[in-house]
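Taking it in order: structure first as structure tokens, then the write-up.
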Amino acid sequence: MVLALSTSTSYAEDSFSAADKAFVAKVSQGGMFEVELAKVAETKATTQDLQYQANTEEHDHTLVGNKLKSIMKRTAWNSPLCSTRSSRRASIN
């Protein structure tokens, strides 16, 4: 007898605990803030090293955010991640 296992698993939004949802919210908000902060740092940095570090931070946090969005989409988890981009940018500048 051969068992076939599916590699795609479907989860309902209600299968995630409150702690899971709180963790995702914190990671999402923190990551988006880091991306916006890195963008500002990249434009205001006076040395190439600082510009490079800011670019690296922006890239890394964007990758993590995109992965998180992919997971949320795949699991049908419909949750606003955080406030609008313009309000975050205003708090950074």
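Laboratory data are not the source of any read-out in this text; all were calculated from the coordinates shown. What you see is a predicted model; the values in this text were computed from it and never measured. So basically every Cβ, Gly included, is an ideal-geometry build from the backbone, and we count neighbours across all protein chains shown.
Computed over neighbours whose Cβ is under 12 Å from that of Asn66, the net charge equals +2, Lys and Arg +1, Asp and Glu -1.
Maximal additional length on extending the Val64-Ala25 stretch stands at 12.7 nm, based on 0.36 nm per residue less the C-alpha distance. Computed from the Cβ-Cβ distance with R0 of 35 Å, the FRET efficiency linking Ala45 to Ser15 stands at 0.20. Counting 0.36 nm for each residue step from Ile71 to Gln53 and taking away their Cα separation leaves a gain of 3.8 nm.
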